[in-house]
Amino acid sequence: MLDVTGVELAPVADQRPGTAHHHLFLDVDAETVKDPIPVGAPGVVHLGQAQTAFHWDSIAPGRHRIIAMLADPGHVPLTPLVVDTVTFVVVAP
């Protein structure tokens, strides 16, 4: 579950200033960028409907990292960056 304080989550289609939505980076570096986060990039999930949860269908066994980053309606990361990182291990069944 993704949770935020201090900023309102809203769908991208709302295009309201002061709102944001999440992008999830699975095993992809989320560098400090000022350009929009590309929609459809491999390993990057765009939660443009202001979703607070996402489920991957399958992740290979092994160590992984998810970076959650908030971006404005134009997909530009918030300044200062609002990110959180989780690392986890998937064990083969």
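Would you kindly state how much longer the chain becomes between residue 55 and residue 35 on full extension, computed as 0.36 nm times their sequence separation minus their alpha carbon distance, in nm to one decimal?
Working: separation 20, 0.36 × 20 = 7.20 nm, distance 2.64 nm.
Working it through step by step, the gained length comes to 4.6 nm.
Neighbours of residue 25, meaning other residues whose beta-carbon lies under 12 angstrom from its beta-carbon, give a summed charge of -3 when Lys and Arg score +1 and Asp and Glu score -1. Surface analysis of the chain yields an accessible area of 64 Å² per residue, using protein heavy atoms and a 1.4 Å probe.
To put it simply, the accessible area of the chain at a 1.4 Å probe is 57 percent carbon and sulfur.
Among 81, 9, 70, the sequence by solvent-accessible area, most first, with a 1.4 Å probe is 81, 9, 70. Evaluated with a Cβ-only charge set (Lys, Arg +1; Asp, Glu -1), the chain carries a dipole of roughly 100 debye about its Cα centre, given to the nearest 20.
Between 73, 38, 61, the Gaussian network model of the chain with springs among Cα atoms under 10 angstrom shows the greatest mean-square fluctuation at 61. The phi-based Karplus calculation (6.51 cos²θ - 1.76 cosθ + 1.60; θ = phi - 60°) puts the 3J(HN,Hα) values of region 47-64 at 9, x, 9, 6, 4, 10, 8, 8, 10, 7, 5, 7, 10, 4, x, x, 7, 9 Hz, whole numbers, x for Gly and Pro.
For residue 76, what is the net charge nearby, where nearby means another residue's Cβ is under 9 Å from its Cβ and Lys, Arg count +1, Asp, Glu -1?
Details: positive: 34; negative: 35, 72.
Once positives and negatives cancel, what remains is -1.
In the chain the Cα-Cα distances spread across 10 Å bins starting at 0 as 16, 51, 26, 7, 0 percent of all pairs. Among 68, 53, 20, the residue with the largest mean-square fluctuation in a Gaussian network model of the chain, with springs joining Cα atoms closer than 10 Å, is 53.
To check you understand DSSP bridge types, tell me what percent of the beta bridges within the chain (both residues inside) are antiparallel, rounded to 5. Around 90 percent of the beta bridges assigned by DSSP in the chain are antiparallel ones.
The values are calculated or read from the model by the stated rules, or taken from the named source; none is laboratory data. These numbers come from a predicted model, not from an experiment. So basically every Cβ, Gly included, is an ideal-geometry build from the backbone, and we count neighbours across all protein chains shown. Each accessible area value is taken on the protein alone, full model and side chains, heavy atoms only, with ligands, DNA and RNA left out. Shrake-Rupley method; radii C 1.70, N 1.55, O 1.52, S 1.80 Å.
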